Amino acid sequence: MATMKAAVLVEPRRFEVREVGIPEIGPADVRIRVTRAGICGTDLHIFNGHYAADRLPIVPGHEFCGTIAEIGASVTHLKTGMRVVADINIGCGNCYWCRRNEVLNCGEVEQIGIGRDGAFAQYVALPGRLVLPVPDGVPEAVLALVEPVACVVRAARKAGAAFGRSGVVLGAGPIGNLHVQMMRLVGMAPIIVADLSSERCRMAVEAGADAAVSEPATLRSKVLEMTGGRGADIVVESVGSSKLYRQAFDLVRKGGHVAFFGITPPGETIPIEILRTVLEENSLKGSVAGMGEDMHDALTLLSHGRFRTAAFTAAHYPLERIQEAFETIPARTGHLKTQILLDA
C-alpha cells in the first residue's frame, strides 16, 4: 500500500506525524498533493477537544491549496499538475439543500478535515466538482486563504452587507480581521471592532476598521456615538462566546441584524426577547462555512489583491512541527494565521 505523511490528532492536544495510506479516489474524484494548509479556529477547537472530539483520531486541516496528482476517469474539466483550491463541504449534490447551496444541511454532508481526514497530510481526495483551478501568479500562501475568505464572503452575503451600512465585529482575531476587510470592501461605514487585545485592535484598524475598542465597558457608548445613537446595522460575533452573543443584541440598531458566526460549545443558548425582536423587526442568521459561489468569489477577490494578507502569511511550519505550531498560536498574536508546509 502506498503511504504518505500525515498529522493525526490522536487525542485532544496531541498530534502524531505518521505514515498512513494515500486516500483512494473514485471515477468522479481527484487526489490533490497539498502544498500549504492553514490552521483555522475550528482546527484549534478540535485540537483542544472542544469540537468534533467524537471523531478522533482524525487528520484535520481544511484551508489548503495544492496541485492535482491524479484524476478519476470521469473527471474532464481538470488535468494533473493544475494548481487548485477546493470547496471542503461534500454533500450529496442532489438534495434540496445542496441545490440551494446550503450544503451543511444535507443529510449526507461531510467536511474535509472535520468529518473526514483532511489536509494536514501530503494528499487529500475529494469530488472533482468541488475543485477550482487557480490563476497563474497567485502565491500559495494567499491561495491557502481562499476557504476562510469564502466564509466571510458568505456571512456578508447572508447579513445583507452593503455600502453605507454600519458594522460591528466582535473579535479581532484572524476571522474577525477578515470580516472587517470584507465590510470595508463592500463599502460599509463606520466599522467598529472589539477585542481584548490592543495589538489585534491595532491590526484591525490597519486592515480597515474605523475604530477599535479593547475595553468592553466602553464599547456600547462608542457604537452609539459613531452611529448617531442608533446602534449598528450589522453586528458579527466571530469568537464563539455566549457572553458576546448576548452583547451583540445591545449593539444592534432597531431593525438591525446579528450575524451568528463564532462556534460555541454544543448546547449553549442565549435569551432573546421575543416582543422586542418582533416589534423592532430585528433579525439574526447563522453562517459558518463558505461554499459554492462563495469559494469562487473569495478566489477572485484574493487573486486581485483585495485583501491585506501579510499578517496571514508570515508564519509557517513544516508538517513535522505541527504540534509546536498549534501550541504556540496563543502567544503569537502578531500572526493572524499559521500555515503548515507540506512540500518543505
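The values are calculated or read from the model by the stated rules, or taken from the named source; none is laboratory data. Please read these numbers as outputs of a predicted model, since none were measured by experiment. No Cβ is skipped: glycine too gets one built from the backbone with ideal geometry, and neighbour counts run over all protein chains shown. Remember, those area values only see protein heavy atoms, side chains included, never the ligands or the DNA or RNA. Shrake-Rupley method; radii C 1.70, N 1.55, O 1.52, S 1.80 Å.
Per the Kirkwood definition applied to all pairs of different Cα atoms, how many angstroms is the hydrodynamic radius of segment 71-120?
On the way: mean 1/r = 0.0801 Å⁻¹.
This gives a value of 12.5 Å.
Out of all Cα-Cα pairs in segment 264-308, roughly what percent, to the nearest whole number, are more than 14 Å apart? Don't skip to the end; give the middle numbers.
Details: 704 of 990 pairs.
Of all Cα-Cα pairs in segment 264-308, 71 percent lie more than 14 Å apart.
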Inter-site label distance for Glu327 and Arg157 at 7 Å from Cα along Cβ, in nm: 4.1
Just the Cα atoms of segment 20-73, one point each, no solvent: what log10 I(q)/I(0) does Debye give at q = 0.23, 0.26, 0.28, 0.31 Å⁻¹? -0.95, -1.01, -1.06, -1.13
Taking the alpha-carbon centre of each part, the distance from segment 270-319 to segment 161-202 in Å is 11
Quick check: from the Cα gyration tensor, does segment 1-158 come out rounded (a/c under 1.5), prolate or oblate? rounded
Would you work out what percent of the accessible area of segment 242-344, with all protein chains in place, is carbon or sulfur (probe 1.4 Å)? 55
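I need the semi-axes of the equivalent ellipsoid of segment 115-239: take the C-alpha gyration tensor, multiply each eigenvalue by 5, square-root it, list largest first in whole angstrom. Please report the intermediate quantities before stating the final value.
Working: eigenvalues 204, 50, 34 Å².
Working through the eigenvalues yields semi-axes of 32, 16, 13 Å.
How much FRET efficiency would the formula 1/(1 + (r/R0)^6) give for Glu102 and His304, where r is the Cβ-Cβ distance and R0 is 22 Å, rounded to 0.05? Walk me through the numbers before you get to the answer.
Values: r = 28 Å, r/R0 = 1.25.
That gives a FRET efficiency of 0.20.
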In Å², rounded to a whole number, the accessible area per residue of the chain with probe 1.4 Å is 44
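Could you compute the FRET efficiency for Ala189 and Asn94, with r as their C-beta to C-beta distance and R0 at 30 Å, rounded to 0.05? List each step's numbers first, then the result.
Working: r = 42 Å, r/R0 = 1.40.
So the FRET efficiency works out to roughly 0.10.
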How large is the charge dipole for segment 270-344, taken about the Cα centre, if only the Cβ atoms of Lys, Arg (+1) and Asp, Glu (-1) carry charge, to the nearest 20 debye? 260
Extension gain (nm, one decimal) between Asp250 and Glu273, 0.36 nm per residue minus Cα-Cα: 7.1 nm
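Within the chain, what percent of beta bridges assigned by DSSP are antiparallel, to the nearest 5? Show your work: numbers first, answer last.
Working: 34 of 59 bridges.
Roughly 60 percent of the DSSP beta bridges within the chain come out antiparallel.
Which residues make up the longest stretch of the chain that has no GluC sites (Glu not before Pro) in a DSSP loop with at most 13 other Cβ atoms within 10 Å?
Numbers: sites that count: Glu24, Glu108, Glu268, Glu273, Glu281.
Segment 109-267 is the longest.
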What does the convex hull of the Cα atoms of segment 168-241 come to per residue, in Å³, rounded to a whole number? 76
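Considering only lysines 8 or more places apart in sequence, or on different chains, count the pairs in the chain whose C-alpha atoms sit under 19 Å apart.
On the way: Lys158/Lys254; Lys158/Lys285; Lys222/Lys243; Lys222/Lys254; Lys243/Lys285; Lys254/Lys285.
Going through the chain pair by pair, I get 6.
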Please give the FRET efficiency for Ser241 paired with Arg220, using the beta carbon to beta carbon distance and R0 = 25 Å, rounded to the nearest 0.05. 0.95
